[in-house]
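The values are calculated or read from the model by the stated rules, or taken from the named source; none is laboratory data. Fair warning: this is a prediction, and the values are worked out from it, not measured in the lab. Here the Cβ positions follow ideal geometry from the backbone for every residue, glycine too, while neighbour counts run over all protein chains shown. These area figures cover heavy atoms from the full protein model, side chains too; ligands, DNA and RNA do not enter into them. Shrake-Rupley method; radii C 1.70, N 1.55, O 1.52, S 1.80 Å.
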Amino acid sequence: MKRNKGKFHGGLLMAVMIMAISLLAGCGGNNNNNAPAAEATAGTGASASPETAAATEPAAEPVTVKLQLKWVPQAQFAGYFLARDKGYYAEEGLNVEILPGGPDIVPEQQVAGGSADIGVDWVASLLTSQEQEMPLVQIAQIYQKSGLVLVSKKEAGISSAADLKGKKVGNWMGGNEFEILALFDKYKLDSNKDLNFTKQGFTMDQFLGGEIDAASAMTYNEYQVVLESGIKTEELNVIDMNDEGVAMLEDNLFANKEWLADNKETAAKFVRASLKGWKDAIADPEAAVDSVMKLAEEGSTSREHQLTMMTEVAKLIQPEGFDVSKLGYTDAAAFQQTADIALKFGVIKEAANVEEAYTNEIVEMAAK
C-alpha cells in the first residue's frame, strides 16, 4: 500500500509538472507572439497625439455669463451680438446669454439680484444704485461720449442754449434729464420758471407735430428719426451736451461685486471678447446689423435705420482722435464730471466714492 501510494503521488507530481511546463510554454509563446502588439498598444496610450488625447477627454463645460441690456435689441448693443455670432465668447470658454431690456427692466436691479451677472446702463443710473447700497461696480466704459442732444426746428429760433428761455423743452425723464438740467443751470435758466420743461414720449411725434419746441434726442436714434421724417439737417438746430461741457457718460458695463470677486478671469474674458466684437462692429457695420436684425422685433425697425444707428454709435465708442487701445477704459475726468452733475442735480444725495464706483482692473486684465 505504501509503495502503491508512492506511485500514485509520483504520477500525480509528474502530471502536474507536465501541465506547468505546458502552461509556461503557452504563456511564453503568447508573450513572444504578441510582444509587438502589446508594445504598440502601450505606446499609443503614452504617446498619443494632442488631437487624439483631446478627443478622449471630455471638453470643459463653457461658463455661462448673463448680460442684461438697457433696452431692446438694436445697434446700440451691436458689439455684444456680433461677438456672440462670431464665436468670440465661445473662444474664451463662455456661453453668453444676452437678456433684452425694456421700459420695465432696470439692469442694476437685475444684476444686484443675481438674475444677470453683468449689465449695461448709463453711469448716472449706476451711481444711483450704488448709493442705494446695491453691490455693483463698473468694469468697463463702452461709450466715451454722450449721444444726447436737444434738437429744434430753425423756425423756433433756438440757435443756442440761452434761447431756450420761454420755450417748451422735452425729455423722457426717469433719469435721462440730468444733462439737460445741467445745461439749464449753466445758462442760469430755472426749469420751473424760465421755460416749460415737459415729459417727452418715446417717439418724436410731439416734436414733429409742433407740440414742443426743443426735443431730447440721441444722435444714433431719435435724431435719425427726425431726418427720416423728411426734415433736412439744414432746417434744424442742435445743442450737443459734449460741446456744452455738461455731458454724462452713458453705456457702460457693470457687475455684481460678489460675483466679480470669484469671477475676475471670467469677467476679463467677457470684456475682451466684447471689445473685439465692438471693434468688428465699427469696422463692418453691415455684419453688425446682420446680428442685430436677427433679434430685433419684426416690424419694429428697419435695416437702414439700424445701419445709421451703428454709424452714429461708432462715433461715441471711438470718437475722432480717440486712442483705440483705450477702448473700454473709464476716463477718470469724464467719470468725475458725471458724478459731479449727478450730485448737483439730486441724482445722488452724497458725493460718489469714485474710487470704489469703477475699476479699470478688468479691462487691463482683458488687454493681456
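Being loosely packed, with under 13 Cβ neighbours inside 10 Å and either modelled with pLDDT under 95 or hydrophobic (A, V, I, L, M, F, W, C) (or both), is that true of even one residue in region 73-85? Scanning region 73-85 turns up no residue that is loosely packed, with under 13 Cβ neighbours inside 10 Å and either modelled with pLDDT under 95 or hydrophobic (A, V, I, L, M, F, W, C) (or both).
Would you be able to tell me the number of residues in region 199-237 that are part of a helix (DSSP H, G or I), open to solvent by less than 30 Å² (accessible area, probe 1.4 Å) and out of contact with any His (no Cβ under 8 Å at 6 or more places or on another chain)?
3
Considered as a group, the residues in region 59-90 that are small (Gly, Ala, Ser) and without any contact (Cβ under 8 Å) to a residue 24 or more places away in the chain include one that is farthest from Thr308 (Cα to Cα), and that residue is Ala59. Taking the criterion of being open to solvent by 30 Å² or more (accessible area, probe 1.4 Å) and either closer than 17 Å to Leu67 by Cα or under 15 Å from the mean Cα position of the chain (by Cα) (or both), the residues of region 238-260 that qualify are Lys257, Glu258, Trp259.
Cβ separations smaller than 7 Å between residues 6+ apart or across chains give the following pairs from region 333-350 residues that are of a type outside the set (Phe, Trp, Tyr) to residues that are open to solvent by 60 Å² or more (accessible area, probe 1.4 Å): Leu343/Ala351; Ile348/Glu131; Lys349/Glu131; Glu350/Glu131. Taking the condition assigned to a helix (DSSP H, G or I) and closer than 20 Å to Asp121 by Cβ, does Leu249 pass? In short, no. Entry remark, region 179-195: residues being loosely packed, with under 15 Cβ neighbours inside 10 Å and within 29 Å of Pro103 (Cβ to Cβ) number 1 in total. Annotation: of all residues in region 290-310 being touching a residue at least 60 places away in the same chain (Cβ under 8 Å) and outside any helix (DSSP H, G or I), the one that is least open to solvent (accessible area, probe 1.4 Å) is Ala296. When the residues of region 62-105 are filtered to those that are assigned to a strand (DSSP E or B) and among the aliphatic types (A, V, I, L, M), which remaining residue is nearest to the chain's Cα centre (by Cα)? Result: Leu67. Consider only pairs whose beta carbons are under 6 Å apart and that are at least six residues apart or on different chains; among these, list those whose first residue lies in region 111-126 and is of a type in the set (S, T, N, Q) and whose second residue is open to solvent by 10 Å² or more (accessible area, probe 1.4 Å). Listed by first residue and then by second, the contacts come to Ser125/Gly175.
From the list Ala112, Ala156, Ala116, the lone residue that is modelled with pLDDT of 95 or more and in contact with a helix residue (DSSP H, G or I) (Cβ under 6 Å, 6 or more places away or on another chain) is Ala116.
Would you check if there is a residue in region 268-275 being of a type in the set (Val, Ile, Thr) and more than 29 Å from Val347 (Cβ to Cβ)? No: region 268-275 contains no residue that is of a type in the set (Val, Ile, Thr) and more than 29 Å from Val347 (Cβ to Cβ). When the test is whether a residue is surrounded by fewer than 17 Cβ atoms within 10 Å (Cβ to Cβ), in a helix (DSSP H, G or I) and among the acidic types (Asp, Glu), Glu286 passes it. Selection of first residues in region 152-173 that are farther than 11 Å from Asp194 by Cβ and of second residues that are at pLDDT below 95, restricted to Cβ pairs under 6 Å at least 6 apart or on distinct chains, gives the following pairs, ordered by first then second residue: Asn171/Glu177.
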